[in-house]
1. All but one of (1) exposed (fewer than 12 other Cβ atoms within 10 Å of the Cβ); (2) within 17 Å of residue 86 (Cβ to Cβ) hold for residue 53; state the number of the condition that does not hold.
2. Regarding residue 81, is this residue under 20 Å from residue 9 (Cα atoms), free of Cβ contacts under 8 Å to residues at least 60 places away in the same chain and either in contact with a Cys (Cβ under 6 Å, 6 or more places away or on another chain) or assigned to a helix (DSSP H, G or I) (or both)?
3. List, please: which pairs have Cβ atoms under 7 Å, are six or more places apart or on different chains, and start with a residue in the stretch 20-32 that is surrounded by 13 or more Cβ atoms within 10 Å (Cβ to Cβ) and end with one that is of a type in the set (D, E, K, R) and part of a helix (DSSP H, G or I)?
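Any read-out appearing in this document is the output of simple, stated calculations on the displayed coordinates, not a laboratory observation. Everything quoted here is computed from the prediction, not taken from an experiment. Neighbour counts are summed over all protein chains in view; Cβ atoms, including those assigned to glycine, are modelled from backbone coordinates with ideal geometry.
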Amino acid sequence: MNGISLLKCICDETRFEILELLQKNNELCVNDFVNELKKDQPLVSHHLKTLKKCGIVKSRDEGKKAMYMISSNQLSELITKVKKTSKEMPNLCLDEGCC
């Protein structure tokens, strides 16, 4: 996967919220996401499928449910950096006078 494909995959608000939850909890099932995000199960499942297809998350079966986790430490670190940078951007713009 190239960088543009990776960014397209994570730049959806719901998918990024899913990734943030996974960083906090390491591993969650679909129902956990539904409860935390207050979104419908089919929507959450769709976004998890997309993240899995992109290779950003992986899953393992635990009985009748699938448990999802971020697929690598490198991706988890990237998500942390994106989140940190997005919080800093308004301040950077003000400092540079670009806004």
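1. Unmet condition: (2).
2. On the way: under 20 Å from residue 9 (Cα atoms): yes; free of Cβ contacts under 8 Å to residues at least 60 places away in the same chain: yes; either in contact with a Cys (Cβ under 6 Å, 6 or more places away or on another chain) or assigned to a helix (DSSP H, G or I) (or both): yes.
So residue 81 fits the description; yes.
3. Close Cβ pairs (under 7 Å, with a partner that is of a type in the set (D, E, K, R) and part of a helix (DSSP H, G or I)) amount to 20/83; 21/36.
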